[in-house]
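The values are calculated or read from the model by the stated rules, or taken from the named source; none is laboratory data. The structure displayed is predicted, hence computed values, not measured ones. Neighbour counts are summed over all protein chains in view; Cβ atoms, including those assigned to glycine, are modelled from backbone coordinates with ideal geometry. In case anyone asks, the SASA skips ligands and DNA or RNA and just uses the protein heavy atoms, side chains included. Shrake-Rupley method; radii C 1.70, N 1.55, O 1.52, S 1.80 Å.
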Amino acid sequence: MRRLISTFLAVSLLLCAPSYVAWFRRPFDIGAIEFDPWFALLPVRWPGQVAHTVLFFALGLVYVMITRRKEPLPRWFIPAVWAIYFAAVPWISPDVFFYLSKGWMEAHYGLNPYVVTVVDVPGSASDAMFMSMAPSLTSQLGNYGPVFQKLSALVASLSFGSPVVGLVLFKTIFTAALWGCYTLVRRIAGATARVVDGMDKWFLLTPILLFNFLAAAHNDVLLMLLILSGVLALFRGHTLWAGLFLGLSISFKLAGVFLLPVLALYLLLARGWRQATGPLVAALAGVVMGASAGILVDASSWSFFTTIVGHESNRFRSSIHILVSPLTTAMGNPLGLDSMAIGKIVFTIAGACLLWLNARRYREQPSVFVVVSSFEVLILAQFLVMPSMAEWYVLWPMCFALCCPGLPARQWCTRLSVLYMPLVVWHLQGPLQVVAFAQLTILGFLAVAHGGYFVRKFRTEVNA
């Protein structure tokens, strides 16, 4: 175990240390050097990208070996790993500066981020907060929920216009939220009597989570904190609070919408058809209150729903739609359905079948039904419905995967941890052939991971 620990630390430092120089750059224009793991230390990007690919692949392999060992980890190890990634500056998808910039527009300029873009702000080209953004995002309207927008405005205000201070504040919030997710995952797993041995290894050392939420500071960790809080409240009989948490999560992003049928069926399984009416009404009331809370604060933010859906539907990335969309176009679209519509139809049918099978399989274990169904519904939604499969979206199902019984879901975690991150520096920028290869390869990895999970799941159930 000592050798594995040393290797994990060494690989993490090799990945993150080149980005440390960015803290001293002036201007702090991180967005301008996006996808450059060595932050312009070399005249060309590809050596750093190759190093990123090799190191993340090695990190994933070491992670798998650590999770397979039964020895406990030293108490200092996880804090040391988290410190390495916390100190890193996001070199891939630094969306955190988009959060800060939209917050700064509201807090400092008094402008509505759902109506005005950064390029419309007078003097934006010389404002340090705006200069730290990726240039491609400066003409984009706000596309996160109003609750998160208010948090962004608060963080931007507390940063006094410094992107460095703002980044540290957001990192602190998201690091605490990631620890909160870990705590909730343990409690949910305990409620299902499925506590995974070495849960700290499985969750706290996952390469995808370390990079995307400690280094890159993506806001999906707050989304999952709310969703997991809602699930735990549901297990404890607090249906109004469960709905409220889920509704608030929808006011961040729309992922919680996919889980509404799962939680409704849980109440029917746990309470019975006759006694479930009251809890269902309370849960629905909570969802409505939570989802509308942000809109009541800022009525114009209603556009965030249409903005994010409309924006994403025109941009496919590492998703099945990069294959289906050209196919439907070449066939002349005989059914009158585009790729996104076909994906939603297939998801609805497949999801309904899975929920029916799981309800029969776990009718005496409704809490297990929730975690298994939530995991499966989310991976199906990401594969079939979402036009872009970004690496930070993996957190959504991963939180439930570690609560599922048996090995299939955990094997899904390890496959994604080894195979996903190595290619993310190639799948958006560069020659068309390289980008296409990276996106198709990531899509292939997702298909293998998802397909492997379902094959093993149904094989296990048939043998049982």
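Once you put a point 7 Å from the Cα of residue 257 and another 7 Å from the Cα of residue 277, both along the Cβ direction, what distance in nm separates them?
3.0 nm
Quick one: what Rg and Dmax do you get for the chain from the alpha carbons, in Å?
Every Cα atom of the chain included, Rg and Dmax give 21.8, 69 Å.
Filter the DSSP H helices in the chain by two things, a Kyte-Doolittle mean of at least -0.5 and an axial alpha-carbon span of 24 angstrom or more, and list the hits by number.
The qualifying helices are 46-68, 163-191, 277-297, 339-361, 366-384, 432-463.
What does a probe at residue 44 reach in region 21-37, counting residues whose amide N is under 17 Å from the point 7 Å along Cα→Cβ?
Residues 36-37 fall inside that zone.
Carbon and sulfur together cover what percent of the accessible area of region 335-439 at a 1.4 Å probe radius?
69 percent
Students often forget the sequence filter, so: which lysines lie under 25 Å Cα-Cα from residue 344 once same-chain residues fewer than 8 apart are removed?
Excluding near neighbours in sequence, the set is 253, 457.
Between residue 2 and residue 160, take the C-beta separation as r, use R0 = 35 Å, and let me know the FRET efficiency to the nearest 0.05.
FRET efficiency, residue 2 to residue 160: 0.20.
How large is the accessible surface of residue 187 in square angstrom, using a 1.4 angstrom probe and rounding to the nearest 10?
The accessible area of residue 187 comes to roughly 130 Å².
Averaging sequence separations of C-alpha pairs under 8 Å and six or more residues apart, then dividing by the length of the chain, give the relative contact order as a whole percent.
18 percent
Compute the distance in nm between two label points, each set 7 Å from the Cα along the Cα-to-Cβ direction, one at residue 448 and one at residue 54.
2.1 nm
Express in whole angstrom the spacing between the alpha-carbon centres of region 408-430 and region 360-400.
17 Å
Where does the chain land at 222 nm, in deg cm²/dmol rounded to the nearest 500, when only DSSP H runs of n ≥ 4 count, each adding -39500 (n - 2.57), divided by all residues?
It comes out at -20500 deg cm²/dmol, rounded to the nearest 500.
Mind giving me the nanometre distance, one decimal, between the label points for residue 65 and residue 187, set 7 Å out from Cα along Cα→Cβ?
Rounded to a tenth, the inter-label distance reads 3.7 nm.
Quick one: accessible area per residue over region 232-283, 1.4 Å probe, rounded to a whole number of Å²?
It amounts to 46 Å² per residue over region 232-283.
Excluding residues fewer than 8 places away in the same chain, name every one of the lysines whose C-alpha is closer than 20 Å to that of residue 201.
Cα-Cα hits under 20 Å: 70.
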